[in-house]
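Contents: one structure, followed by commentary.
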Amino acid sequence: MARRKFATLKSFLNYIGVEGDRTIFTWVSASEGDRWAQVIKGATEKIKALGPANKMVKTIG
Amino acid sequence: MQNPYIPYPVVVDKIITEVDTKDIKTFRFKFVNPEDEQKYAYIPGQFGELSIYGKGESPIGIASSPTQKGYVEFTVQKAGVVTSALHEMEEGTLMGLRGPLGNSWPLEFLEGKNIVIVGGGFAFTTLRSLINYMIYGDNRKRFGNITVIYGARNPGLLLYKDELIEWQKRDDLNINVTVDKGDATWKGKEGFVPAVCKEVAPSKENAVAVICGPPVMIRFTLPVFFELGFSKENIITSLEMRMKCGIGKCGRCNVGSKYVCKDGPVFSLAELDKLTPEY
Amino acid sequence: MHDLITAHKNSQKRVKPEDRKKKVIGVVARGCTTRSLIIHLQERQYERDEVCIIGVPCDGYVDGKGLKVKIGGADIVEGSIDGGQIKMKTSDGDKTVALKDVLADSCLTCRFNNPIISDIMIGSPAPAMNPDAEYNDVKEFEAKTMEERWAYFTKEMEKCMRCNACRQACPSCYCPTCFVEQSQPQWVGIGEDKSDTQVFQFMRLYHMVGRCVDCGSCVSVCPMGVDLRKFLKKIDKDCWEMFGNRAGSGMEDMPPLGKYDEHHDKQDFIYNP
Amino acid sequence: MEKRLIKKDTLAGIAKKMAGDMMVWAPVKKEDNVLFETIGKDGEPFFAYLNSKNAPKNVFFPHTETLMKFTRTPKGMAFSSEANKANQSVLFGVRPCDAHSFALLDKLFDQEKYQDAYYVAKRQNTTVIAMACVKPPYASCFCTSVDGEPVGSEGADILLTDIGGDYLAEFITSKGEKLAQYFGDAKADAAADAKKAEIAAKAKEAIQSRIPAHEVKPILDVNFDNPFWNTIHGKCLACGTCTYMCPTCHCFDISDEVKGADGIRLRSWDSCMFPLFTKETSGHNPRPSQKERWRQRAMHKFKYYVDNFNAIACVGCGRCVMSCPVNIDIRKVVEDISKL
């Protein structure tokens, strides 16, 4: 199921040296507006703390 | 020397929706740099690579005739990545055009002969180019009788409807338009192209047949022309293959040792007989 | 292994469902081959009664590239195996190497060198290899720093020239159109751009969760010697440690990504603000 | 022709000295592989090799190469051709079979009509220094069957031959002569020539593997439909290893890549072994199975290229033989064709 995919993805990313925390997995119901806002806020903070992604990022030219 | 991989910048000048299903449109391009039009001197039967930013290129037969100055036209069916993007475009958009590529309809060979043009469906585009070239001004005198047999599945799928009407008005052209199945307003012929060819029964005397259409049409039309006595040297067709470079380098469109992009797309049946049947 | 799926697909092509006939294909299978067969069966590529499995125990196979390194890069002209020794005529004279020294890595720590399922068995069971050591490499790699791991991944992927040999040889890679080749949308560039190669390899590796049977095919076919097993074995380890699953180890298992265990699956990857 | 003698142990020094002045590609040992890479003046070229793992064709025909750049404008696209900034460079130490491959690729890329500017610019600005094969070659080497020789200079500007204590450096072309200054000033004498001739004859003898490459062309002419073609591809994996390793395979794909408002059109290697190589948008594929693809590869090398350029598109390096994951051997294929 999706959750198992995420669990392994996170672990595999870490293993190859990419911060697994760049992926975030949680449950939010369509009715949980507040929680949704919280999740996005928290996620943004987490990603910001990690800084810009520079691994597996494509540059053109 | 011109780098053959770099397109000429062109602007989409006019878009004409050709068919009821709206998935075939004619795009008229104008060159951004007027001098490029000289460099893009083409002959009916050649093709160009339409080039769209970020999408890639698509090889398409040139639908206009070199006698139509000031622009080039391509009639394109929406199919893959590039053609879909093209169909999204608006007039005024900048894009690229590479070519002209390939050989062409063999004009010198056709000169002085009676010409039978057989086209089916969407493959009529480079034939239209040829017809418009042959009937332009004094060019008409260089060719004998011109018989055109053109078929589509239904009236709505006929390309260049206005032009067909204009052509029919001329007395130096024998135009036969047919549809597999007509509708309430259709007053023309009904029937498949091979059957109409049989009915029209063009004479083989000093005649060349130029045939372009879907494989199934070609398969059933050829026997008709053999029966009428046309030799393989006098039946000309145009091949399609997946292409990338268009200049005989990238290695995918060869049929035997010939590259369809460079040595073709136009071959006589006699020439095709010498090639491998890998198309 | 691909031929098996292709053969079945071709036999069903342009056939109405009711006219489909079972086509039985015989497969001579080692332990890892039977694991692949199980994966195919689990993934419904063909039915169990469409393959007749002739099981053979396996003592491991020779890692050709390793062998070549072992004899100093010389060109092997002729060779034979005799009593645990490989005797070769090479461009650099006659050489002898102990068989156990040049077995493929995946064979040395193989847990399943005897067929798991079969219809007919040939030979007597093969002696156990050294499965206890199977994750040693992974554990060692896990202990490195993030940057060291990334540096290694980058270095290995730089060798890749996108010839697709790993994918073509992999028994679990059988998609009719690989994501790499899809053009609408295009997921990954086709060139040699570093990130494209990394993404291609990462995605292919990641598609092996619960599906890599450690047959070693990808490693043995890679012309450039990319250390793919270092990454595949991690996937295998995670799958075992997280879900108690070893790919293709039993007919009764469901693919691990197709289920969920409420009581044992860890929750620590879930984000709770 | 200018000829000089250089001491054996100075070779790496010469390469490094050149690397200080221009771009130098040389064989480099990387883990278990020897690859052609650019070296700096402190680089470590590795000359004790039979042949490099990959073919050095990537110097002139890189795996991935930008053809042009574009930028999105409000009205569509504006594009600029990628200027052909091929720097002065040296390809140091290729084997004669690989140098021969450049002469073959020239026929395709450097035609009068549709000259390939990218390839030609690099080719013109690169001096090819070949190193003759004087040691026993790989068992899979068959250059002498396809118009090559282990001490041959086709496609090279300078040929280095190990004649015992020294290398004999022969400056074949004027492009080669321009680099003569790097090779010291010991002129070669007639004795060196004689020694080289002797070594060349011996090296030729040492190529044991021979195939009837020239005999198959008339057979291929008439055997397109021979059932023989059903017999090769059975185990083929449809990977591109043989074609990517091959010094003369040159098929490519063209694709666009975009990020933000900027994009590039690039070409990258493609392979006739890939199922999608000829697949059309309609779904029709003129080469629908590996049988047709294998036939294409064999035909292209031993018939089509001969038809078009009067040369076999194979240099006998044996890389495809060594690299094929399922041991399909082109030598056997040619051998079998000759018996049809």
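Suppose we keep only residues that are touching a residue at least 12 places away in the same chain (Cβ under 8 Å) and basic (Lys, Arg) within region C:141-183. Which one would you say is farthest from A:VAL57 (Cα to Cα)?
Looking at residues that are touching a residue at least 12 places away in the same chain (Cβ under 8 Å) and basic (Lys, Arg), I get C:ARG167.
So if I check each of B:ILE149, B:ILE117, B:ILE135, which one is touching an Asp or Glu at 6+ places or on another chain (Cβ under 8 Å) and aliphatic (A, V, I, L, M)? Before the answer, list the steps.
Details: B:ILE149 fails: touching an Asp or Glu at 6+ places or on another chain (Cβ under 8 Å); B:ILE117 fails: touching an Asp or Glu at 6+ places or on another chain (Cβ under 8 Å).
Selected residue: B:ILE135, the only one of B:ILE149, B:ILE117, B:ILE135 that is touching an Asp or Glu at 6+ places or on another chain (Cβ under 8 Å) and aliphatic (A, V, I, L, M).
Check A:ARG35 against each of (1) loosely packed, with under 15 Cβ neighbours inside 10 Å; (2) over 25 Å from C:GLU147 (Cα atoms) and name the one condition it does not meet.
The number of the failed condition is (1).
Hey, could you check region D:205-226 for residues that are among the hydrophobic types (A, V, I, L, M, F, W, C) and in contact with a helix residue (DSSP H, G or I) (Cβ under 6 Å, 6 or more places away or on another chain) and say which is surrounded by the fewest Cβ atoms within 10 Å (Cβ to Cβ)? Before the answer, list the steps.
Of region D:205-226, the ones among the hydrophobic types (A, V, I, L, M, F, W, C) are D:206-207, D:211, D:213, D:216, D:219-220, D:222, D:224.
Next cut, in contact with a helix residue (DSSP H, G or I) (Cβ under 6 Å, 6 or more places away or on another chain) only: D:207, D:211, D:213, D:216, D:219-220.
Numbers: D:ILE207: 21, D:ILE211: 23, D:ALA213: 24, D:VAL216: 26, D:ILE219: 18, D:LEU220: 22.
Residue satisfying both the conditions and the ranking: D:ILE219.
State yes or no: is D:ASN54 buried (at least 18 other Cβ atoms within 10 Å of the Cβ), assigned to a loop (DSSP other than H, G, I, E, B) and modelled with pLDDT under 95?
Numbers: buried (at least 18 other Cβ atoms within 10 Å of the Cβ): yes; assigned to a loop (DSSP other than H, G, I, E, B): yes; modelled with pLDDT under 95: yes.
Judged against the criteria, D:ASN54 is a match.
Scan region D:308-326 for residues that are outside any helix (DSSP H, G or I) and either in contact (Cβ under 8 Å) with a residue 12 or more places away in the chain or crowded, with 21+ Cβ neighbours inside 10 Å (or both) and jot them down. Break it down stepwise before answering.
Step one: list which residues in region D:308-326 are outside any helix (DSSP H, G or I), which gives D:310-318, D:324-326.
Residues satisfying the conditions are D:ALA311, D:ILE312, D:ALA313, D:CYS314, D:VAL315, D:GLY316, D:CYS317, D:GLY318, D:CYS324, D:PRO325, D:VAL326.
Listed here are the residues, each with its yes/no results for (1) of a type in the set (Ser, Thr, Tyr); (2) in contact with a strand residue (DSSP E or B) (Cβ under 9 Å, 6 or more places away or on another chain); (3) part of a strand (DSSP E or B); (4) not assigned by TED's automatic domain parsing to the domain that holds D:ARG319.
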{"position": "D:GLY13", "(1), (2), (3), (4)": "no, no, no, yes"}
{"position": "D:LYS16", "(1), (2), (3), (4)": "no, yes, no, yes"}
{"position": "D:TRP25", "(1), (2), (3), (4)": "no, yes, yes, yes"}
{"position": "D:LYS29", "(1), (2), (3), (4)": "no, yes, yes, yes"}
{"position": "D:VAL34", "(1), (2), (3), (4)": "no, yes, yes, yes"}
{"position": "D:GLU37", "(1), (2), (3), (4)": "no, yes, yes, yes"}
{"position": "D:GLY43", "(1), (2), (3), (4)": "no, yes, no, yes"}
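Counting only residues that are acidic (Asp, Glu) and under 20 Å from D:PHE183 (Cα atoms), which one in region D:147-162 is modelled with the lowest pLDDT?
Applying the first criterion (acidic (Asp, Glu)) to region D:147-162 yields D:147, D:149, D:154, D:157, D:162.
Subsequent filtering for residues that are under 20 Å from D:PHE183 (Cα atoms) retains D:157, D:162.
Working: D:ASP157: 96, D:ASP162: 93.
Only one residue tops the list, namely D:ASP162.
Quick one: which of A:ILE47, A:ILE60, A:ILE40 is in contact with a Lys or Arg (Cβ under 8 Å, 6 or more places away or on another chain), in a helix (DSSP H, G or I) and among the β-branched types (Val, Ile, Thr)? It would help to see each step written out before you state the result.
Values: A:ILE60 fails: in a helix (DSSP H, G or I); A:ILE40 fails: in contact with a Lys or Arg (Cβ under 8 Å, 6 or more places away or on another chain).
Of A:ILE47, A:ILE60, A:ILE40, the one residue that is in contact with a Lys or Arg (Cβ under 8 Å, 6 or more places away or on another chain), in a helix (DSSP H, G or I) and among the β-branched types (Val, Ile, Thr) is A:ILE47.
Let's see how each residue does on (1) in contact with a Gly (Cβ under 8 Å, 6 or more places away or on another chain); (2) farther than 24 Å from D:CYS236 by Cα; (3) surrounded by fewer than 18 Cβ atoms within 10 Å (Cβ to Cβ); (4) among the small types (Gly, Ala, Ser):
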{"position": "C:GLU158", "(1), (2), (3), (4)": "no, yes, yes, no"}
{"position": "C:ARG167", "(1), (2), (3), (4)": "no, no, no, no"}
{"position": "C:GLN201", "(1), (2), (3), (4)": "no, no, no, no"}
{"position": "C:VAL209", "(1), (2), (3), (4)": "no, yes, no, no"}
{"position": "C:GLY216", "(1), (2), (3), (4)": "no, no, no, yes"}
{"position": "C:CYS222", "(1), (2), (3), (4)": "no, no, no, no"}
{"position": "C:LEU232", "(1), (2), (3), (4)": "no, yes, no, no"}
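Go through region B:105-150 and give me each residue that's surrounded by 24 or more Cβ atoms within 10 Å (Cβ to Cβ) and among the polar types (S, T, N, Q).
B:THR125, B:THR126, B:SER129
For region C:156-179, name all the residues that are more than 7 Å from every other protein chain (Cβ to nearest Cβ), assigned to a helix (DSSP H, G or I) and more than 18 Å from C:VAL209 (Cβ to Cβ).
C:GLU156, C:MET157, C:GLU158, C:LYS159
Can you pull out the residues in region D:223-245 that are away from every other protein chain (no Cβ under 11 Å) and of a type in the set (A, V, I, L, M, F, W, C)?
Within region D:223-245, D:PHE228, D:TRP229, D:ILE232 qualify.
What's the total number of residues in region D:263-286 that are more than 8 Å from chain B (Cβ to nearest Cβ) and within 24 Å of B:VAL76 (Cα to Cα)?
At the first step, the residues of region D:263-286 found to be more than 8 Å from chain B (Cβ to nearest Cβ) are D:264, D:266, D:268-269, D:271, D:273-276, D:283-285.
Narrowing the set further to residues that are within 24 Å of B:VAL76 (Cα to Cα) leaves D:276, D:283-285.
Qualifying residue count, region D:263-286: 4.
If you go through region C:46-75 one residue at a time, how many are farther than 25 Å from C:CYS32 by Cα, surrounded by fewer than 18 Cβ atoms within 10 Å (Cβ to Cβ) and either at pLDDT 90 or above or hydrophobic (A, V, I, L, M, F, W, C) (or both)?
1
Out of D:TYR119, D:TYR114, which single residue is within 14 Å of chain B (Cβ to nearest Cβ) and without any contact (Cβ under 8 Å) to a residue 24 or more places away in the chain?
Details: D:TYR119 fails: without any contact (Cβ under 8 Å) to a residue 24 or more places away in the chain.
It is D:TYR114.
Kindly evaluate B:THR67 against the criterion of being within 20 Å of B:ASP138 (Cβ to Cβ), among the β-branched types (Val, Ile, Thr) and away from every other protein chain (no Cβ under 12 Å).
Numbers: within 20 Å of B:ASP138 (Cβ to Cβ): yes; among the β-branched types (Val, Ile, Thr): yes; away from every other protein chain (no Cβ under 12 Å): yes.
Here the answer is yes, as B:THR67 does meet what is asked.
Taking only region C:213-255 into account, find how many residues are of a type in the set (D, E, K, R), more than 12 Å from every other protein chain (Cβ to nearest Cβ) and not in a helix (DSSP H, G or I).
First, pick out the residues of region C:213-255 that are of a type in the set (D, E, K, R): C:214, C:227, C:229-230, C:233-234, C:236-238, C:241, C:246, C:252-253.
If we keep only those that are more than 12 Å from every other protein chain (Cβ to nearest Cβ) as well, we get C:214, C:229, C:246, C:252-253.
Of the ones still in play, those that are also not in a helix (DSSP H, G or I) are C:214, C:246, C:252-253.
Of the residues in region C:213-255, 4 are of a type in the set (D, E, K, R), more than 12 Å from every other protein chain (Cβ to nearest Cβ) and not in a helix (DSSP H, G or I).
Which members of region D:56-76 meet the condition of being over 30 Å from D:ALA99 (Cβ atoms), more than 7 Å from chain B (Cβ to nearest Cβ) and of a type in the set (Val, Ile, Thr)?
The answer is D:THR71, and nothing else.
Show me the helices (runs of 4 or more DSSP H) entirely contained within region D:125-240 in which 3 or more residues are in contact with a Lys or Arg (Cβ under 8 Å, 6 or more places away or on another chain). So that I can check it myself, show each step before the final result.
Details: elements: D:174-177, D:190-206, D:216-222.
In region D:125-240, the matching helices (runs of 4 or more DSSP H) lie at D:216-222.
Can you tell which of D:SER338, D:SER289 is more than 14 Å from D:CYS249 (Cα to Cα), more than 14 Å from chain C (Cβ to nearest Cβ), hydroxyl-bearing (Ser, Thr, Tyr) and over 18 Å from the mean Cα position of the chain (by Cα)?
Working: D:SER289 fails: more than 14 Å from chain C (Cβ to nearest Cβ).
Matching residue, one of D:SER338, D:SER289: D:SER338.
Within region B:192-213, track down each residue that is buried (at least 16 other Cβ atoms within 10 Å of the Cβ), in contact with a strand residue (DSSP E or B) (Cβ under 7 Å, 6 or more places away or on another chain) and outside any helix (DSSP H, G or I).
Once the filter is applied, which keeps residues that are buried (at least 16 other Cβ atoms within 10 Å of the Cβ), in contact with a strand residue (DSSP E or B) (Cβ under 7 Å, 6 or more places away or on another chain) and outside any helix (DSSP H, G or I), region B:192-213 yields B:PHE192, B:PRO202, B:ALA207, B:VAL208, B:ALA209, B:VAL210, B:ILE211, B:CYS212, B:GLY213.
Going through region C:192-212 one residue at a time, which ones are in a loop (DSSP other than H, G, I, E, B), in contact (Cβ under 8 Å) with a residue 24 or more places away in the chain and under 18 Å from C:THR154 (Cα atoms)? Steps first, answer last, please.
Taking region C:192-212 as the starting set, the residues that turn out to be in a loop (DSSP other than H, G, I, E, B) are C:192-193, C:207-212.
Now drop any that are not in contact (Cβ under 8 Å) with a residue 24 or more places away in the chain, which leaves C:192, C:207-212.
C:GLU192, the sole residue that qualifies.
Show me the strands (runs of 3 or more DSSP E) found entirely inside region C:60-107 where at least 2 residues are over 24 Å from C:ALA133 (Cβ atoms) and touching a Gly at 6+ places or on another chain (Cβ under 9 Å). Step through it out loud before you land on a result.
Details: elements: C:76-82, C:85-90, C:93-98.
Fully inside region C:60-107 and qualifying: C:85-90.
Being small (Gly, Ala, Ser) and at pLDDT below 85, is that true of even one residue in region C:174-195?
So the first thing to find is which residues in region C:174-195 are small (Gly, Ala, Ser), and the list is C:183, C:189, C:191, C:195.
Adding the requirement that they be at pLDDT below 85 leaves C:183, C:191.
Looking for residues that are small (Gly, Ala, Ser) and at pLDDT below 85, one finds at least one in region C:174-195, hence yes.
State all residues of region B:172-185 that are surrounded by fewer than 13 Cβ atoms within 10 Å (Cβ to Cβ) and modelled with pLDDT of 90 or more; if no residue qualifies, say none. Outline the logic, then answer.
Filtering region B:172-185 for residues surrounded by fewer than 13 Cβ atoms within 10 Å (Cβ to Cβ) gives B:172, B:181, B:183-185.
Listed by number, the list holds a single entry, B:ASP172.
Name every residue in region D:261-274 that is touching a strand residue (DSSP E or B) at 6+ places or on another chain (Cβ under 8 Å) and part of a loop (DSSP other than H, G, I, E, B), in order of residue number.
Narrowing region D:261-274 to residues touching a strand residue (DSSP E or B) at 6+ places or on another chain (Cβ under 8 Å): D:261-270.
Listed by number, the residues that qualify are D:ALA261, D:ASP270.
The values are calculated or read from the model by the stated rules, or taken from the named source; none is laboratory data. Remember, it's a predicted structure, so these values are computed and weren't measured experimentally. For neighbour counting, all protein chains shown are included, and Cβ atoms are generated from backbone atoms with ideal geometry for every residue, glycine included.
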